[in-house]
Every structure is written in C-alpha cells, then in structure tokens.
Amino acid sequence: MPLTGDYEPSPVGWARTQAEKFEASDGAEGNDMQGRPIIVLTSLGAKSGKLRKTPLMRVEHEGEYLAVGSLGGAPKNPVWVYNLRNNPHVEVQDRAERHDYTARELSGAEREVWWARAVEAFPNYAEYQTKTERVIPLFLLTRL
Ligand SMILES: C[C@H](OP(=O)(O)OC[C@@H](O)[C@@H](O)[C@@H](O)Cn1c2nc(=O)[nH]c(=O)c-2cc2ccc(O)cc21)C(=O)N[C@@H](CCC(=O)N[C@@H](CCC(=O)O)C(=O)O)C(=O)O
C-alpha cells in the first residue's frame, strides 16, 4: 500500500532536483552521484505528515537496501532519520522499480556487516564517519 500524502519538496535545491528528475524519468536520469548509483527514499514527515523524497546512495544486498544517515559527516543527523524512526513505512525507487519497505535501525554486529557494504558501495561514507562524533544511523529497508 503506497504512502499517501502531499509531496513537500526538499529545501535543498540540488537534492530536490535530483529526486524529481530521477522520479520523472523512471530512474533513467539523475541516477548517480559521483558515478555511483542512487535510490530515492520516500518517507512520511514525522511532524508534517507530508511526503518527503530523499536521494540516497544505493546500498543493496539480496533485495534489501540500506538508508545511510550520513549527511556528509555533518554534526547532526539528517531530518529524514526522524521520519523513519517515527514511521518505518517507506517507499524506495531503484531505477524504474518502486516498492514499499519497512525500515529497521541497525546496531551491533548486523550494523557492522551493513556498514561494510555501505562503504563498499560509496567509499566516502568512511570519511564522513571520521568527520563527526555522532554514529551515522543505518536503516535496513526490507520489502513489505
Ligand atoms: C534539508 C532537509 O533534508 P534532510 O531530511 O535533513 O536530508 C538531508 C540530506 O540527507 C538529503 O538532502 C539527501 O538527499 C542528501 N543525500 C544523501 N544524504 C545522506 O544522508 N545519505 C546519502 O547517502 C545521501 C546521498 C545522496 C545522493 C544524491 C543526492 O542528491 C543527495 C544525497 C529537509 O528536507 N528539511 C525539511 C524538513 C524535512 C522533514 O522531513 N521534516 C519532517 C520533520 C521531522 C522532524 O523534525 O521530526 C516533517 O516533514 O515532519 C525542511 O527544513 O523544511
């Protein structure tokens, strides 16, 4: 059952443009960051109830995806992290495929396995973690 609500574009222009281009072209355009593939995550605003669309690096393994709250190593989590903590029902678009997933925040050994997959998919993540005291939140997205 897809998420319903009014779409609220991101105030960050480049991310908004990439999400909208990716969605409008069924993933044919705007589908990479530094040559690495992206996905677009749709989440429900924890306060606004609006639909938020967030491009993220594509970290996928056997049909599951990882949402990495890196925000370039900024001191604070990206806001979408709080959306997922509030409502784990999300949508993921990967190229032309769009499905419903449930998000589960990872910890411990499971988190370490997925962190290694994330760094393999996008090596910048390792550098981002060295730039911040916060532990970058990881959410495993499993198909509903
Ligand atoms: C700018 C802010 O966005 P954010 O949710 O903090 O997310 C910041 C970034 O993570 C986001 O721009 C990502 O798309 C950036 N980004 C990546 N960000 C990452 O964290 N990880 C990635 O792997 C990543 C890859 C990536 C690839 C391409 C690209 O174009 C961008 C990429 C935003 O949208 N703020 C809104 C509010 C958003 C929101 O969800 N509000 C909630 C409130 C939630 C609450 O406060 O509880 C609501 O609507 O209720 C606003 O200020 O009005």
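Within region 86-99, residues that are assigned to a strand (DSSP E or B) and open to solvent by less than 50 Å² (accessible area, probe 1.4 Å) sit with their Cβ atoms under 6 Å from residues that are modelled with pLDDT under 95 and among the hydrophobic types (A, V, I, L, M, F, W, C), at 6+ positions apart or across chains, in these pairs: 91/3. Might you let me know whether region 46-58 holds any residue that is closer than 18 Å to residue 91 by Cβ, within 8 Å of the ligand (Cβ to nearest atom) and among the basic types (Lys, Arg)? Looking through region 46-58, at least one residue is closer than 18 Å to residue 91 by Cβ, within 8 Å of the ligand (Cβ to nearest atom) and among the basic types (Lys, Arg).
All of 40, 90 fail the test of being among the β-branched types (Val, Ile, Thr) and either at pLDDT below 95 or farther than 15 Å from residue 142 by Cβ (or both), apart from 40. Filter region 55-110 down to the residues that are in contact with a Lys or Arg (Cβ under 9 Å, 6 or more places away or on another chain) and among the polar types (S, T, N, Q) and list them by number. If the condition is that a residue be in contact with a Lys or Arg (Cβ under 9 Å, 6 or more places away or on another chain) and among the polar types (S, T, N, Q), then 77, 83, 86, 93, 102 are the ones that fit.
Among the residues of region 101-116, those identified as surrounded by fewer than 16 Cβ atoms within 10 Å (Cβ to Cβ) and in contact with a strand residue (DSSP E or B) (Cβ under 7 Å, 6 or more places away or on another chain) are 102, 104, 105. In region 33-43, the qualifying residues are those that are out of contact with any Lys or Arg (no Cβ under 9 Å at 6 or more places or on another chain) and more than 8 Å from the ligand (Cβ to nearest atom), and the one that is farthest from residue 10 (Cα to Cα) is 35.
Summed over region 6-54, the residues that are in contact with a Gly (Cβ under 6 Å, 6 or more places away or on another chain) and free of Cβ contacts under 8 Å to residues at least 12 places away in the same chain give a count of 1. Taking region 92-112 as the range and being closer than 21 Å to residue 1 by Cβ and either within 14 Å of the ligand (Cβ to nearest atom) or in contact with a helix residue (DSSP H, G or I) (Cβ under 7 Å, 6 or more places away or on another chain) (or both) as the test, the residues that pass are 92, 93, 94, 103. Tell me, yes or no, whether region 62-74 has at least one residue that is crowded, with 19+ Cβ neighbours inside 10 Å and either of a type in the set (Lys, Arg) or more than 8 Å from the ligand (Cβ to nearest atom) (or both). Yes, because at least one residue in region 62-74 is crowded, with 19+ Cβ neighbours inside 10 Å and either of a type in the set (Lys, Arg) or more than 8 Å from the ligand (Cβ to nearest atom) (or both).
The values are calculated or read from the model by the stated rules, or taken from the named source; none is laboratory data. Quick caveat: nothing in here was measured; it's all calculated off a predicted structure. Positions of Cβ are generated from backbone atoms using ideal geometry, with glycine treated the same way; all protein chains shown enter the neighbour counts. Accessible surface is based on the protein model in full, side chains and every heavy atom, while ligands, DNA and RNA are left aside. Shrake-Rupley method; radii C 1.70, N 1.55, O 1.52, S 1.80 Å.
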